[in-house]
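Have a look at the structure below, then the notes.
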Amino acid sequence: MINTTIGTGTGTITVTPVNVCGSGTPFTLNFIVPTAAPIATFSESAHVTPAHVNVTMTYTGSAPGGTTYSWTFAGGVPATSTSPGPVLVHWDAPGTYTVTLTVDNDGCTDTYLDTVHVTSGVSIKAVKAETFTASIVPNPNEGAFDITFDKAVSAPVTVKLYDMLGSVVYRNEFNTANNNKLSVSVNDLPNGTYAATIYLDGTMITKKITITR
């Protein structure tokens, strides 16, 4: 068996048998098209929703034919799905829940996750639309990273990290940001992908973070 690597374009492989008597007739395999790696991204119809109300999950990535889709809705109804979507899901109890999508094409996989905040249905107006942006650097990281904001931050900031099962594995409340930056250390967490949820002044945004050492 011979393994060879083809770039992003169409490839050609030519094999010529050779021994002490000379060369044989070459064989050429043309128009080899490498399979594109699947990308697992999705969007939600709402990041904040009352309990019992369906949220639509729409796949926004790209994947070749034959790709399988594995959705996990922590605490949701349904709990899982293998549909490429759109998928309808709701939650029966208030809380912040993690949604995970893994796409697999012949062993080539990608995973994306995001969170949905479910309210009791009476205080949804108290949750504001996003009024700030934040970045996580470096990402991936080894368990220490900074959260940087696009504007001055004077209000308390709460940071939560969720694992892929939707469990809170880190929580900290910062009184304010130093020069619009928060330094976070989670060296005790194992390698993996997490959802970092940032709460500021009634606003919540979620970022995907990868820890690798």
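Please treat every number below as a calculation from the coordinates, not as lab data. All of these numbers come straight from a predicted model, not from anything done at the bench. So basically every Cβ, Gly included, is an ideal-geometry build from the backbone, and we count neighbours across all protein chains shown.
Search the structure for amide H atoms under 5 Å from the amide H of Thr41, placed 1.01 Å from N in the peptide plane, and list their residues when 5 or more places away or on another chain.
Counting only residues 5 or more places away or on other chains, the set is Thr60, Gly61, Ser62.
Given R₀ = 22 Å, FRET efficiency for Thr109-Asn54 by Cβ-Cβ distance, to 0.05?
It comes out at approximately 0.20.
Highest mean first, how do 142-149, 96-103 rank when packing is the count of other Cβ atoms within 10 Å averaged over residues?
96-103, 142-149
Using a 10 Å cut-off around each Cβ, can you sort Ser62, Ser167 from fewest to most neighbouring Cβ atoms?
With the sparsest Cβ surroundings first, the list reads Ser167, Ser62.
Tell me, what HN-Hα J-couplings in whole Hz come from the Karplus equation 6.51 cos²θ - 1.76 cosθ + 1.60 at θ = phi - 60° for each residue of the range 186-201, using x for Gly and Pro?
Once rounded to whole Hz, the list reads 10, 5, 7, 7, x, 4, x, 9, 9, 9, 9, 9, 10, 10, 8, 6.
Compute the relative contact order of the range 42-125 as a whole-number percentage, counting only Cα pairs closer than 8 Å that sit 6 or more residues apart in sequence.
Relative contact order for the range 42-125 comes out at 34 percent.
Please report, in whole Å³, the volume per residue of the convex hull around the C-alpha atoms of the range 42-125.
73 Å³
Straight-line reach from Lys151: which aspartates and glutamates have a Cα under 15 Å away, not including same-chain ones fewer than 8 places off?
Candidates past the 8-residue exclusion: Glu130, Asp201.
Which value in nm describes the separation of the simple spin-label points at Thr212 and Ser154, placed 7 Å from the Cα toward the beta carbon?
In this crude label model, Thr212 to Ser154 measures out at 4.1 nm.
What is the calculated FRET efficiency for Leu88 to Asn178, with r their C-beta to C-beta distance and R₀ = 45 Å, to the nearest 0.05?
So the FRET efficiency works out to roughly 0.60.
Modelled label-to-label distance, Thr80 and Ser185, 7 Å Cα→beta-carbon offset: nm?
So the label points at Thr80 and Ser185 sit 3.8 nm apart.
Please rank Lys207, Lys181, Lys151, fewest neighbouring Cβ atoms within 10 Å first, as an exposure proxy.
Result, fewest neighbours first: Lys151, Lys181, Lys207.
Rank these for me by crowding, Ile209, Ile39, going from fewest to most other beta carbons within 10 Å.
Least to most surrounded, the residues fall as Ile39, Ile209.
Note down the nm distance, to one decimal, between modelled labels 7 Å out along Cα→Cβ at Asp201 and at Asn139.
2.0 nm
Find the centroid of the Cα atoms in the range 167-208 and in the range 74-107, then give the distance between the two in whole Å.
Measuring centre to centre over Cα atoms gives 23 Å.
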